[in-house]
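First comes the structure, then the notes that go with it.
Read-outs throughout are calculated quantities, based only on the coordinates presented, and are distinct from any laboratory measurement. For clarity, every value in this text was computed on a predicted model and none was experimentally measured. Cβ placement follows ideal geometry from the backbone for every residue including glycine, while neighbour counts extend to all protein chains displayed.
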Amino acid sequence: MQNKYCRSGTLERKIQWPVVYSPEILDHFEHPRNPGIVALADATIQVENPGCGDVLKLTARCSGGRITEVRFQAKGCVPAMASASALTELVAGKTLDDASRVRREDLLHALGRLPPASNHASYLALEALSALLEHLKSNYRVP
């Protein structure tokens with residue numbers, strides 16, 4: 001083992017941290033899908049978790065009852081960002097009806113797994129999806 005010294009001159013020990021996030025979560029966090037804002041969006045919503053401070057904004061364009069483009073902006077923990085990214089992949093190209101059938105289990109499957117302390121991230125993403133779909137359905141008068 002190679003020795004490394006801190007600025008204070010003390011020996012720095014290599015610490016083995018337990019794996020907290022799945023490879024899928026880290027991939028969505030490091031390489032987010034559909035980040036940003038949809039230009040000329042048909043719907044824009046923003047939800048916040050007052051307990052932890054996570055914020056998720058979704059924008060979408062819809063044509064013929066189908067989500068043609070969806071993007072996100074998020075501020076918060078790694079799982080919140082990854083959940084938003086995975087959510088956009090799950091609903092892009094779907095009809096509003098099909099998108100409304102996306103469940104937490106679908107999101108968790110796309111993320112590999114979430115640590116128990118990070119469950120709030122999946123609920124925030126689904127709350128945002130629900131608000132987005134409600135807004136789009138009211139604009140398109142879809143039941």
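Values for this structure:
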{"item": "Chain lengthening between residue 44 and residue 73 when straightened (0.36 nm per residue, less Cα-Cα)", "result": "9.4 nm"}
{"item": "Long-range amide H partners of residue 38 with built H, under 5 Å", "result": "59, 71"}
{"item": "Length added when fully stretched, residue 66-residue 134, from 0.36 nm per residue minus Cα-Cα", "result": "23.1 nm"}
{"item": "Calculated FRET value between residue 52 and residue 101, using beta carbons and R₀ = 30 Å, to 0.05", "result": "0.65"}
{"item": "In sequence order, calculated HN-Hα J values of the stretch 38-55 (Karplus, 6.51, -1.76, 1.60; Hz; x Gly/Pro)", "result": "6, 5, 6, 5, 7, 8, 9, 9, 9, 10, 9, 9, x, x, 10, x, 5, 10"}
